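Notes for the one structure printed next.
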Amino acid sequence: MIDTPPDVARLYHEMLMTRSGAERLRMGCDLFMAARHLVLAGLQAESPGDLPARLFLRFYGRDFSPHQRAAIVERIRAWGDERSRSSSAP
């Protein structure tokens, strides 16, 4: 859906292009982190378990085949298990 008038979109684009590449990169990273926080909050509200795998699936799940997704989720869960074991070791 495009609900922005073309002249406003053009002006906005021109304003963005006046910023340096580093500023635009920082803005993109900030937007990604804001989206990540919103998604995490929603996932935690649904169910607190398995957040890393569910976060991966929400952001990147459609980018991979079912076989690739399953392998990546398995590795994410194994990594989480390794982290919990090492953080609880004496």
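The listed residues Asp63, Asp50 rank as Asp63, Asp50 when sorted by accessible area, largest first, using a 1.4 Å probe.
Just how large is the dipole of the chain about the Cα centre, in debye to the nearest 20, putting +1 at every Lys and Arg Cβ and -1 at every Asp and Glu Cβ?
Details: 13 positive and 11 negative charges, 55 e Å.
Roughly 260 debye, rounded to the nearest 20.
Just the number please: accessible area per residue for the chain, 1.4 Å probe, all protein chains included, in Å². Don't jump to the answer; show the numbers that get you there.
Numbers: 7370 Å² over 90 residues.
Roughly 82 Å² per residue, with all protein chains present.
Legend: residues Arg54, Arg36, sorted from most to least accessible area (1.4 Å probe; ligands, DNA and RNA excluded), read Arg36, Arg54. Computed from Cα atoms, the angle from the helix 21-46 axis to the main principal axis of the chain rounds to 50 degrees. What translational diffusion coefficient, to the nearest whole µm²/s, does the stretch 1-52 have by Stokes-Einstein, given a Kirkwood radius computed over alpha-carbon pairs, a temperature of 4 °C and 1.567 mPa s viscosity? Reported coefficient: 95 µm²/s. Based on alpha carbons, the Rg and Dmax found for the chain are 19.0, 63 Å. Per-residue ellipticity at 222 nm computed for the chain from its helices equals -26500 deg cm²/dmol, with DSSP H segments shorter than 4 residues left out and the rest contributing -39,500 (n - 2.57).
The values are calculated or read from the model by the stated rules, or taken from the named source; none is laboratory data. Owing to the predicted nature of the structure, the values given are computational and were not obtained by experimental measurement. Virtual Cβ from ideal backbone geometry, glycine too; neighbours counted across all protein chains shown. Protein only, heavy atoms only, side chains kept; ligands, DNA and RNA dropped before computing areas. Shrake-Rupley method; radii C 1.70, N 1.55, O 1.52, S 1.80 Å.
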